[in-house]
Amino acid sequence: MIGGLPESINKYELNTNKGVTSTSYRAFLASVAAGAPNPALLQPYTFDAGGLRPESVQSFELGYKGLATTSLLIDAYAYYNIYEDFIGGVDLYQNPTTTAVKFSVPVNIAGKVKSYGGAFGLDYQVGKFNFNGNTSYNKLNDIPANFDNNFNTPEWRFNAGVGSREIVKNFGFNVQYRWQDAFYWNSTFASGDVPAYSTFDAQVNLKVPSVKAVIKLGGSNILNKYYATSFGNPQVGALYYIGFTYNP
């Protein structure tokens, strides 16, 4: 990976000995594998003469959080962003027909890039029980072919749970279910699909009034289903814990 300033581009002679786009390079390799090399498939990339510019964004947001009733809390928001000079990236291959050298270069994307999304959540109290749930949606649009971006956000997430501070005397609990959609991860280190995953978290609390303390026993991902949050990262399993809190 190199910087997007003209000095970096000139240092590696990418204006005079241009690199070709990754899509066209893969098409060329396919023609080579088929026994009919076709250099005409290669598409050189030309950098903006103005160099890399800061991106700018117009952001519009609308939200609400409040009690619909004495037992129901609503939390919702939506947003819409319009980027100009959005900074993405291109993978280029210099000298593609001999010993190709790969470069990852940040560049501005022409035109406007838009992102939008929102979330909706409920928190409902019924007797000693508290029920909660929320979902969110995030989307990035208008990224041209051959350009990478680091949005790296799943379109959908969902959480739901139930708990009680004291379901019986001195005893409480909380259980949460979390789910995340599959998405494609982009980075200069590695790019690839991140599978969808779901987890259960749980905790039980026991108050011990005689010593002014609370004992907590719980875990995250208690079913020990391994998952990864980004491409190339190690997978995560369960985490179990026990805690003792003293309140003098």
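The values are calculated or read from the model by the stated rules, or taken from the named source; none is laboratory data. Please read all numbers here as calculations on a predicted model, not as lab measurements. Because the Cβ atoms are built from the backbone with ideal geometry, glycine has one as well, and the counts that use them run over all protein chains shown. Only protein heavy atoms, including side chains, enter the accessible area calculation; ligands, DNA and RNA are left aside. Shrake-Rupley method; radii C 1.70, N 1.55, O 1.52, S 1.80 Å.
Points worth noting:
- Residues of segment 173-205 classified as open to solvent by 80 Å² or more (accessible area, probe 1.4 Å), of a type outside the set (F, W, Y) and in a strand (DSSP E or B), total: 2
- Options V113, V105; residue that is open to solvent by less than 60 Å² (accessible area, probe 1.4 Å), of a type in the set (A, V, I, L, M, F, W, C) and touching a helix residue (DSSP H, G or I) at 6+ places or on another chain (Cβ under 9 Å): V105
- Within segment 1-48, the set of residues being under 13 Å from L92 (Cα atoms), assigned to a loop (DSSP other than H, G, I, E, B), modelled with pLDDT of 90 or more and aliphatic (A, V, I, L, M) comprises L14, L42.
- Residue within segment 154-171 that is more than 30 Å from I2 (Cβ to Cβ), in contact with a Ser or Thr (Cβ under 6 Å, 6 or more places away or on another chain) and of a type in the set (D, E) present: no
- Some residue of segment 143-166 being closer than 24 Å to G118 by Cβ, of a type in the set (S, T, Y), over 15 Å from the mean Cα position of the chain (by Cα) and assigned to a strand (DSSP E or B): no
- Single residue of segment 49-94 satisfying the filter (among the β-branched types (V, I, T) and either within 16 Å of P106 (Cα to Cα) or part of a strand (DSSP E or B) (or both)) that is most open to solvent (accessible area, probe 1.4 Å): V57
- Selection of segment 206-231 for residues being closer than 30 Å to N247 by Cβ, assigned to a loop (DSSP other than H, G, I, E, B) and not β-branched (V, I, T) yields K212, N221.
Here is a yes/no grid of residues against (1) under 26 Å from G111 (Cα atoms); (2) surrounded by fewer than 15 Cβ atoms within 10 Å (Cβ to Cβ):
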site: K11; (1), (2): no, yes
site: L14; (1), (2): yes, no
site: T23; (1), (2): yes, yes
site: A40; (1), (2): no, yes
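- For segment 190-224, the candidate set comprises residues that are among the charged types (D, E, K, R) and modelled with pLDDT of 95 or more; within that set, the residue that is nearest to M1 (Cα to Cα) is D201.
- Residue check for T135: hydroxyl-bearing (S, T, Y), modelled with pLDDT of 95 or more and either in contact with a His (Cβ under 6 Å, 6 or more places away or on another chain) or surrounded by fewer than 18 Cβ atoms within 10 Å (Cβ to Cβ) (or both): yes
- Residue count, segment 208-248 (criterion: open to solvent by less than 80 Å² (accessible area, probe 1.4 Å), out of contact with any Asp or Glu (no Cβ under 8 Å at 6 or more places or on another chain) and over 30 Å from Y184 (Cβ atoms)): 8
- Matching residues, segment 236-248, being in a loop (DSSP other than H, G, I, E, B) and more than 20 Å from A202 (Cα to Cα): N247, P248
- Every residue from segment 103-114 that is of a type outside the set (A, V, I, L, M) and either touching a residue at least 60 places away in the same chain (Cβ under 8 Å) or in contact with a Ser or Thr (Cβ under 9 Å, 6 or more places away or on another chain) (or both): F103, S104, P106, N108
- Boolean, T188 is within 19 Å of Y137 (Cβ to Cβ) and polar (S, T, N, Q): no
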